[in-house]
Amino acid sequence: MKITTHINNSPNKTLFSFELLPPVKGQSIQGIYDAIDPLMEFKPPFIDVTYHREDYIYKQHDSGLLEKVSYRKRPGTVAICAAIMNRYKVDAVPHLICGGFTKEETENALIDLQFLGIDNVLVLRGDARHADSGFIPTSGGHAYATDLQQQVVNMNNGIYLHEDHDTAFKTQFCIGVAGYPEKHFESPNMKTDFSFLKKKVEMGAEFIVTQMFFDNSKYIDFVDKCRKNGINVPIIPGLKPITSSKQLISLPKIFHIDLPEDLSEAIVKCKSEKDVKEVGIEFMIQQCKELIKAGAPVLHFYTMSNPGPTRRIAEAIF
Ligand SMILES: Cc1cc2nc3c(=O)[nH]c(=O)nc-3n(C[C@H](O)[C@H](O)[C@H](O)COP(=O)(O)OP(=O)(O)OC[C@H]3O[C@@H](n4cnc5c(N)ncnc54)[C@H](O)[C@@H]3O)c2cc1C
């Protein structure tokens, strides 16, 4: 079922959902089930699965020479989505990314997803490889999320890369895109960033999932600005409970977001990592209560495949 249908079917209720990372190569699917099982009692109508571009690693040969090798650390997004749909009967939402895929590979992946009965995709540019200083598009692939989105829209209209579209099957993917209440870090300003988000919605994006944030006023302002600019699709807040003191530095660095002073001060005062986790959970419970009051359609948790803190929050909220 489309995410928009799930939301429309629950007009007076905030839904619960979450995101998982595929396990590191060499681990079993059981890790995914272990990350989902503790959260199923909160009845997620959908579960997102991230996609990860390949990175480079260096292998040292006996001669001492270093060989640069392309290596995908977390493969398996499509198969995990299939396993989730099969085992839990909830909608799985694969993330689709530009990086690492040619247009042909994207088309084939979308055909697989359609055959699996997957109705929703979250369309993204994807992160840069760790070894690169910025995002480098794959040769024969897409440079921006809007380019990838256009390919999905084309397939929804029966337009494939090399087929006669009069006879081609029309897919029916419900398309979601990313939104940044604190601006995407590469955008020169909020207005420019916003213009691309608006373009995505005009191209047919039916829902937005936000980058994580810790200051609800940023989400509320963002939604307000969207509405004033004619963006009327559901805006799903992305939420990440703080679980360690290191995240005071890593979250702003990786995700280009601010942490509110009261939260950072409370974390600095903690005497142990256990205390930090408690502060993070309590802060997020309050954040969720406010977001429900503000009319958030869904609370979407970035679990990083660690269900414990999200479960504690869901117990207090749902
Ligand atoms: C909810 C969510 C889920 C995510 N999941 C994943 C994941 O599974 N895997 C992963 O690798 N990363 C993921 N990311 C990270 C994301 O891929 C990065 O934030 C990436 O840097 C930008 O992705 P985007 O889709 O917003 O890109 P885009 O929309 O392409 O935007 C990238 C930048 O270019 C600008 N821009 C956009 N369109 C154009 C255009 N047509 N011309 C010129 N400039 C343009 C934007 O303003 C922005 O600054 C996720 C992010 C979010 C918020």
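The values are calculated or read from the model by the stated rules, or taken from the named source; none is laboratory data. Quantities reported herein were computed from a predicted structural model and do not represent experimental measurements. Positions of Cβ are backbone-derived with ideal geometry, glycine not excepted, and every protein chain shown enters the neighbour counts.
Table: residues versus (1) in contact with a Pro (Cβ under 9 Å, 6 or more places away or on another chain); (2) touching a residue at least 12 places away in the same chain (Cβ under 8 Å); (3) among the polar types (S, T, N, Q); (4) in a loop (DSSP other than H, G, I, E, B).
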{"position": "THR243", "(1), (2), (3), (4)": "yes, yes, yes, yes"}
{"position": "LYS253", "(1), (2), (3), (4)": "no, no, no, no"}
{"position": "ALA266", "(1), (2), (3), (4)": "no, yes, no, no"}
{"position": "VAL279", "(1), (2), (3), (4)": "no, yes, no, no"}
{"position": "MET284", "(1), (2), (3), (4)": "yes, yes, no, no"}
{"position": "LEU291", "(1), (2), (3), (4)": "yes, yes, no, no"}
{"position": "MET304", "(1), (2), (3), (4)": "no, yes, no, yes"}
{"position": "THR310", "(1), (2), (3), (4)": "yes, yes, yes, no"}
{"position": "ALA316", "(1), (2), (3), (4)": "no, yes, no, no"}
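Can you tell me which residue among PHE115, PHE207, PHE173 is under 20 Å from the mean Cα position of the chain (by Cα), more than 12 Å from the ligand (Cβ to nearest atom) and within 28 Å of ARG87 (Cα to Cα)?
So the residue among PHE115, PHE207, PHE173 that is under 20 Å from the mean Cα position of the chain (by Cα), more than 12 Å from the ligand (Cβ to nearest atom) and within 28 Å of ARG87 (Cα to Cα) is PHE173.
So ARG87 ticks every box in (1) out of contact with any strand residue (DSSP E or B) (no Cβ under 9 Å at 6 or more places or on another chain); (2) in a loop (DSSP other than H, G, I, E, B) but one. Which box is left unticked?
Every listed condition holds for ARG87 apart from (2).
Take region 55-94 and flag every residue that is acidic (Asp, Glu) and modelled with pLDDT under 95.
Answer for region 55-94, where residues must be acidic (Asp, Glu) and modelled with pLDDT under 95: ASP55, ASP62, GLU67.
Can you tell me which residue is surrounded by the fewest Cβ atoms within 10 Å (Cβ to Cβ) among those in region 118-135 that are closer than 13 Å to ASP48 by Cβ and within 14 Å of the ligand (Cβ to nearest atom)?
Selected residue: LEU124.
Within 16 Å of the ligand (Cβ to nearest atom), within 20 Å of LYS89 (Cβ to Cβ) and in contact with a helix residue (DSSP H, G or I) (Cβ under 7 Å, 6 or more places away or on another chain): which single residue out of PHE46, PHE42 fits that description?
Checking each option against the conditions leaves just PHE46.
Counting just the residues of region 50-101 that are among the aromatic types (Phe, Trp, Tyr) and without any contact (Cβ under 8 Å) to a residue 60 or more places away in the chain, which one comes out surrounded by the fewest Cβ atoms within 10 Å (Cβ to Cβ)?
Checked region 50-101; the qualifying residue surrounded by the fewest Cβ atoms within 10 Å (Cβ to Cβ) is TYR58.
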